[in-house]
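One structure is given below, encoded as structure tokens.
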């Protein structure tokens, strides 16, 4: 089931559509080593190219597909289907009962894979708006704000280095990813694509990957009228019709019809993504140069004055209180009964829990 926006602007050049007639085989035709766990972005969010460099070539006809979304919405499942479907070993790890019970996320940073027969590069990403990611970052003084900004920077990176970006949301009523991508569109101004490694070489034409909004839903039935309304609302929200919209029904293994509907929707999404016309970079670039230049794009994003100003604005707005600021407010008596979040409590030094003011503030 899918609804789509209007056609891309005719002023932007496009690549010829790629039609995939059959699932790619599991045998690597180039006899390259099978990709294990390869992070383009490490757990410290440093861009590293060395481990993935052997899997890219000097080929200039390739497509990059990235994905972004909150935890547990099926990002890795969607990327597995695009890679080759359910008949092959999964290249991307998915949630298990153990990881769910431990509250962990499966993907760290960015995990890349290549479809050798089609030269399609897939970028699976760690979840945004994720409690497990926040729990790992909260011990930093600016952990909560850093978590928010990392989600934005990740979105800006995908919009800059991908041809297609899949934006996955949970259910039909979750607009948080719409808001995130709207912010990404605002803050991406001036970020070049991988064929232009410096701002000085920017041609003035803003590059933006083609967004594909995917809503996974737990409802048993989604009427076509609901999809039409969702498409209209999304068009008005992002002030553009240059996007695709898909709704993936709930996967119910006990209900054969429901299961088949889920699989069919994933296949439809896969076929549409692999055959759609996509925007091209400003100049011709090889896979190897794309990889090396993507690292430079990441540094530009991390040092962007526009994104830095936005971060400062969020910090001064009071929306994201620093753990140390919370601690000082309590110790000095400025806030006597401030209720801290569980993550903020965990981030406090153990000796602070003996302070009467903090004990009162956290309600211990």
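The values are calculated or read from the model by the stated rules, or taken from the named source; none is laboratory data. This is a predicted model, so every value here is computed, not measured. Every residue, glycine as well, gets a Cβ built from its backbone with ideal geometry; the counts of neighbours run over all protein chains shown.
Miscellaneous remarks
To keep it simple, each residue is scored yes or no on (1) farther than 19 Å from residue 269 by Cβ; (2) at pLDDT below 90; (3) assigned by TED's automatic domain parsing to the domain that holds residue 284.
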| position | (1), (2), (3) |
| --- | --- |
| 78 | no, no, yes |
| 92 | no, yes, yes |
| 101 | yes, yes, yes |
| 108 | yes, yes, yes |
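- Residues (loosely packed, with under 15 Cβ neighbours inside 10 Å and under 10 Å from residue 155 (Cβ atoms)) located in the range 183-193: none
- Where helices (runs of 4 or more DSSP H) fall entirely within the range 254-364, those with at least 3 residues that are modelled with pLDDT of 85 or more and buried (at least 16 other Cβ atoms within 10 Å of the Cβ) are at 256-275, 287-302, 305-317.
- For the range 38-55, filtered to residues that are in contact with a strand residue (DSSP E or B) (Cβ under 7 Å, 6 or more places away or on another chain) and in a loop (DSSP other than H, G, I, E, B), the residue that is surrounded by the fewest Cβ atoms within 10 Å (Cβ to Cβ) is 38.
- Total residues in the range 165-183, condition in a helix (DSSP H, G or I) and under 18 Å from residue 278 (Cβ atoms): 1
- Hey, residue 54 at pLDDT 90 or above and more than 30 Å from residue 206 (Cα to Cα) or not: yes
- Among the residues of the range 191-220, those identified as out of contact with any helix residue (DSSP H, G or I) (no Cβ under 6 Å at 6 or more places or on another chain), at pLDDT below 90 and in a loop (DSSP other than H, G, I, E, B) are 196, 198, 202, 203, 204, 205, 206, 217, 218, 219, 220.
- Within the range 221-231, the set of residues being exposed (fewer than 13 other Cβ atoms within 10 Å of the Cβ) and at pLDDT 75 or above comprises 223, 224, 225, 228.
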